[in-house]
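Everything on this sheet refers to the single structure shown next.
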Amino acid sequence: MKKFLPLLIAALLLTACGKNPAQARADYDLAMKYMRGAGVPQDSSRGITYLQRAADEGSADAQLTLGFLYLRGTGVPRDSTKALGLFLQAGEQGNKDAQYNAGLMYVRGEGTQADFAKAAQWFEKAALLDDPGAQFNMGVMTMNGEGVTRNPLTAYAWFALADEKGFAGAKAEMAKAKSAMTSDQTGYLGRTIAELKKRVQRGNTEKKEAPSTQGQNQPL
């Protein structure tokens, strides 16, 4: 009986908090079916109802998708503040698309006042989950000293990671960052890139990423 006690406690805690991962996934899947008309009559209104339910139940995918709907005013009133709140909820659960978009909204001052420090924090979270757009944007912010300390060497390393995934413009930015380095810094290029790659590998190992439902990241 002892070995089942932790599972029982976990179940009770989920019930007490109103969170049910299995129900959240089921409601999210049903929401997508209604939104797309897949196997059921297409009904965006009903889809959004299930999407909100799944988001309230803790589905990061639902929070991300609903965030985009509020950001664009698709099927719901346009509300960038709600959109940001939903991205932050999903981002806290490790959804890298939500983390990226939260960073973008802090840069642009959408749904909140512009805050480069917070933008860099969210971009870094996504970058350490190996998102190339976030890695590129971390390079931009580190090169310009926006929200983080200016450091061409670290910026080069972020650009290098994005370039390895074929991110457009990363190679050109690597050249700019290298030209801004001191002679001492250029000697640490290989080591800095290797250390950053280790951080990315550690981030992916420590946090099991939720399945991505969006792919709409943009460079700054």
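Give me the residue from segment 41-63 that is of a type in the set (Ser, Thr, Tyr) and surrounded by 21 or more Cβ atoms within 10 Å (Cβ to Cβ) and, out of that set, farthest from GLY73 (Cα to Cα).
Here is the first cut: in segment 41-63, the residues of a type in the set (Ser, Thr, Tyr) are 44-45, 49-50, 59.
Pick out the ones that are also surrounded by 21 or more Cβ atoms within 10 Å (Cβ to Cβ) and you get 50, 59.
Working: TYR50: 17, SER59: 21 Å.
Per the criteria, the residue is SER59.
For segment 144-155: of the residues being farther than 15 Å from PHE167 by Cβ and touching a helix residue (DSSP H, G or I) at 6+ places or on another chain (Cβ under 6 Å), which is surrounded by the fewest Cβ atoms within 10 Å (Cβ to Cβ)? Among those that are farther than 15 Å from PHE167 by Cβ and touching a helix residue (DSSP H, G or I) at 6+ places or on another chain (Cβ under 6 Å), it is GLU146.
Go through the residues of segment 103-114 one by one and say whether even a single one is among the hydrophobic types (A, V, I, L, M, F, W, C), in the same structural domain as ASP184 (by TED's automatic domain parsing) and crowded, with 24+ Cβ neighbours inside 10 Å. Within segment 103-114, none of the residues are among the hydrophobic types (A, V, I, L, M, F, W, C), in the same structural domain as ASP184 (by TED's automatic domain parsing) and crowded, with 24+ Cβ neighbours inside 10 Å. Residues considered: GLU146, GLU110. Of these, the only one that is under 24 Å from GLN63 (Cα atoms), assigned to a loop (DSSP other than H, G, I, E, B) and charged (D, E, K, R) is GLU110.
Please count how many residues of segment 16-62 are charged (D, E, K, R), part of a helix (DSSP H, G or I) and more than 18 Å from GLU92 (Cα to Cα). It would help to see each step written out before you state the result.
Pass one, segment 16-62, residues charged (D, E, K, R): 19, 25, 27, 29, 33, 36, 43, 46, 53, 56-57, 61.
Checking the rest, the ones that are also part of a helix (DSSP H, G or I) come to 25, 27, 29, 33, 36, 46, 53, 56, 61.
Retained after the next criterion (residues that are more than 18 Å from GLU92 (Cα to Cα)): 27, 29, 33, 36, 46, 53.
The number of residues fulfilling the criteria is 6.
Please find, within segment 46-92, the residue that is nearest to ALA126 (Cα to Cα) out of those that are among the aliphatic types (A, V, I, L, M) and touching a Ser or Thr at 6+ places or on another chain (Cβ under 7 Å). Full working, then the answer.
Of segment 46-92, the ones among the aliphatic types (A, V, I, L, M) are 48, 51, 54-55, 60, 62, 64, 66, 69, 71, 76, 83-84, 86, 88, 90.
Going one step further and asking which of them are touching a Ser or Thr at 6+ places or on another chain (Cβ under 7 Å), we end up with 51, 64, 71, 84.
Details: LEU51: 24, LEU64: 14, LEU71: 20, LEU84: 15 Å.
For segment 46-92, the residue satisfying everything is LEU64.
Evaluate the following for ALA127: is it small (Gly, Ala, Ser) and in contact (Cβ under 8 Å) with a residue 40 or more places away in the chain? Let's see the steps before the verdict.
On the way: small (Gly, Ala, Ser): yes; in contact (Cβ under 8 Å) with a residue 40 or more places away in the chain: yes.
When the stated conditions are applied, ALA127 passes them.
Every listed requirement among (1) assigned to a loop (DSSP other than H, G, I, E, B); (2) within 25 Å of LYS118 (Cβ to Cβ) is met by TYR156 save one, (1). What about GLN93, is it touching a residue at least 24 places away in the same chain (Cβ under 8 Å) and polar (S, T, N, Q)? Yes: the conditions hold for GLN93. Selection of first residues in segment 112-124 that are of a type in the set (Ser, Thr, Tyr) and of second residues that are modelled with pLDDT of 95 or more, restricted to Cβ pairs under 8 Å at least 6 apart or on distinct chains, gives the following pairs, ordered by first then second residue: THR112/THR81; THR112/LEU84; THR112/MET105; THR112/TYR106.
The values are calculated or read from the model by the stated rules, or taken from the named source; none is laboratory data. Quick caveat: nothing in here was measured; it's all calculated off a predicted structure. As a convention, Cβ positions derive from the backbone with ideal geometry for all residues, glycine included, and neighbour counts pool all protein chains shown.
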